[in-house]
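Read through the structure below, which is laid out as C-alpha cells, and then see the notes.
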Amino acid sequence: MNIFQKFTQIFSDPYPLEDDRNRHLRTGLLISLFVVFFLTIFRPFGLSELNWPWYKVIPVFVGYGAVTFLVILIADFVIIPAFPNIFDDREWTVGKNIIWSVITIVLIGLGNLFYSSFLGFTGISGTMLLTFQLYTILVAIFPVTVITLLTRIRLLHKNLKVVESINQDLEAPLVGPFDNGQLIFSSENGKDELLLTPDQFLFAESADNYSDIIYVENNIVRRALLRSSLKRLEEMNTSEFVVRVHRAFLVNIRNVKNVSGSSQGYRLIFDHVEESVPVSRRAATSVKALLSRIHGR
C-alpha cells in the first residue's frame, strides 16, 4: 500500500458520532456566538454598508446567530434521527464526519443568506446560490478536514491509553461476591423464554423490534432472536454485571475478556465470538470503573 492509499484509508477509519444532546446544544451555542463575532468583524452579505447605530445593528447580528442555532438544532435533532441508518455511530467514519460537517456549514450559510435577503441586504438568484454553495464548500472543506484528522489523532491516543489500562485490569481474576441467579430473557407475548446462567450470557443486540441474544452452551455459540426491546430485557435482568453499554447492546461485563480501541472509543471482546461490542462515550467511564472493580483493581 502506497502513501496515497494509506492516507485515503484514514477516511474509512472509525470516528465518534456525538450522541449527547446537551453537548449538541453547547456546541450549537458556541458556533452561533462565533457567527455573531465573525459577522461583527467582517460584515459580509452587505452588512458592511450598514451605517446604523450599534443598538440597531446588534439585534441583526444576534438574528444571524439565532438562525445558525436553529439550523444546527434541525440538523442534530431532526435530520440525524430521521436517517438512523446513515447516522449509525457504529458505522461512522472520518470521511462521513467531514462530509456531514461541510453539509451543516452549507446549511448554516444558506440560512443566513436567506435571512440577509429577508432583511433586504442582498438579493438571491440561481447563479448566486450556486456560486455561494461552491465557495462555501471550498472554504469549509480544508479546515473541517484538518480539525477532524487532528481530533482523530487525539482521540486515538487517548483511547489506546484507556484500552491498555483496562486490559491490565482484565488480567486479574474476577472477585466476588456475585449474584449467580439465572438470567431471564422472554418475548413480549411471553411465548418464548430463555433462561441462562451468568457464565452463558455474552451480550444482546437490538435488532429493530427484536433483540438478538448471544450466549454459549457447551462451548458452542448460540443465538436466540426474541421479539422484545433491549430496554425491556435490561429491566428484567437487574444484576450489576448486566450492563447497557450502548443504545444497541446489553452485555455481561463478567464475560469480557479483552478490549480494543480506536478514535471512536473502545470495544468489548468476548471468547467464542468474532463480534466485538462498542461502548458509547456516555457509558465509557462507568464501564471502565466496573471492569476495574470486578477484577479487584
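The values are calculated or read from the model by the stated rules, or taken from the named source; none is laboratory data. Quick caveat, the model's predicted, so the values are computed rather than measured. So basically every Cβ, Gly included, is an ideal-geometry build from the backbone, and we count neighbours across all protein chains shown.
Being modelled with pLDDT under 95 and in contact with a Ser or Thr (Cβ under 8 Å, 6 or more places away or on another chain) is the filter here; which residues of region 247-259 pass it? Scanning region 247-259 gives ARG247, ALA248. Just to verify a result, which residue in region 9-38, among those that are without any contact (Cβ under 8 Å) to a residue 24 or more places away in the chain and either outside the structural domain of VAL62 (by TED's automatic domain parsing) or of a type in the set (S, T, N, Q) (or both), is surrounded by the fewest Cβ atoms within 10 Å (Cβ to Cβ)? Taking the candidates together, the pick is ASN22. Based on this model, can you work out whether VAL102 counts as among the aliphatic types (A, V, I, L, M), loosely packed, with under 15 Cβ neighbours inside 10 Å and in the same structural domain as ASN85 (by TED's automatic domain parsing)? Against the criterion (among the aliphatic types (A, V, I, L, M), loosely packed, with under 15 Cβ neighbours inside 10 Å and in the same structural domain as ASN85 (by TED's automatic domain parsing)), VAL102 does not qualify. Can you tell me which residue is modelled with the highest pLDDT among those in region 228-243 that are in a loop (DSSP other than H, G, I, E, B) and closer than 18 Å to ALA284 by Cα? That would be PHE241. If I filter region 154-195 down to residues being over 23 Å from SER276 (Cα atoms) and among the acidic types (Asp, Glu), which single residue comes out as modelled with the lowest pLDDT? Residue satisfying both the conditions and the ranking: ASP179.
Is it fair to say ILE108 is without any contact (Cβ under 8 Å) to a residue 12 or more places away in the chain and either touching a Phe, Trp or Tyr at 6+ places or on another chain (Cβ under 8 Å) or of a type in the set (A, V, I, L, M, F, W, C) (or both)? Judged against the criteria, ILE108 is not a match.
Give the residues of region 246-275 that are on the phi < 0 side of the Ramachandran plot, of a type outside the set (A, V, I, L, M, F, W, C) and within 17 Å of the chain's Cα centre (by Cα), sorted by residue number. Hits for region 246-275 are HIS246, ARG247, GLY261, SER262, SER263, GLN264, TYR266, ARG267. Across region 139-186, the qualifying residues are those that are part of a strand (DSSP E or B) and of a type in the set (A, V, I, L, M, F, W, C), and the one among them that is nearest to the chain's Cα centre (by Cα) is PHE185. Give the residues of region 179-236 that are touching a residue at least 60 places away in the same chain (Cβ under 8 Å) and touching a helix residue (DSSP H, G or I) at 6+ places or on another chain (Cβ under 6 Å), sorted by residue number. Selection gives LEU202 alone. Of everything in region 220-251 that is under 20 Å from ASP192 (Cβ atoms) and of a type in the set (S, T, N, Q), the residue that is surrounded by the most Cβ atoms within 10 Å (Cβ to Cβ) is SER228.
Please find, within region 196-227, the residue that is modelled with the highest pLDDT out of those that are of a type outside the set (S, T, N, Q) and in a loop (DSSP other than H, G, I, E, B). Among those residues, the one meeting the criterion is ARG227. Taking the conditions exactly as written (touching a residue at least 24 places away in the same chain (Cβ under 8 Å), under 29 Å from GLY95 (Cβ atoms) and either touching a His at 6+ places or on another chain (Cβ under 6 Å) or not assigned by TED's automatic domain parsing to the domain that holds PRO198 (or both)), does SER280 satisfy them or not? Yes. Quick check on this structure: which one of GLY123, GLY111 is exposed (fewer than 15 other Cβ atoms within 10 Å of the Cβ), over 30 Å from ASN258 (Cα atoms) and not aliphatic (A, V, I, L, M)? Checking each option against the conditions leaves just GLY123. The helices (runs of 4 or more DSSP H) found wholly in region 1-119 and carrying at least 2 residues that are modelled with pLDDT of 90 or more occupy 54-74, 94-119. Hey, could you check region 184-196 for residues that are of a type in the set (A, V, I, L, M) and surrounded by 13 or more Cβ atoms within 10 Å (Cβ to Cβ) and say which is farthest from ASN255 (Cα to Cα)? Restricting to residues being of a type in the set (A, V, I, L, M) and surrounded by 13 or more Cβ atoms within 10 Å (Cβ to Cβ), the top hit is LEU194. For region 197-215: of the residues being surrounded by fewer than 20 Cβ atoms within 10 Å (Cβ to Cβ) and touching a Phe, Trp or Tyr at 6+ places or on another chain (Cβ under 8 Å), which is nearest to ARG227 (Cα to Cα)? Going through the qualifying residues, I end up with SER206. Within region 48-73, the only residue that satisfies the criterion of being free of Cβ contacts under 8 Å to residues at least 24 places away in the same chain and touching a Leu at 6+ places or on another chain (Cβ under 8 Å) is VAL57.
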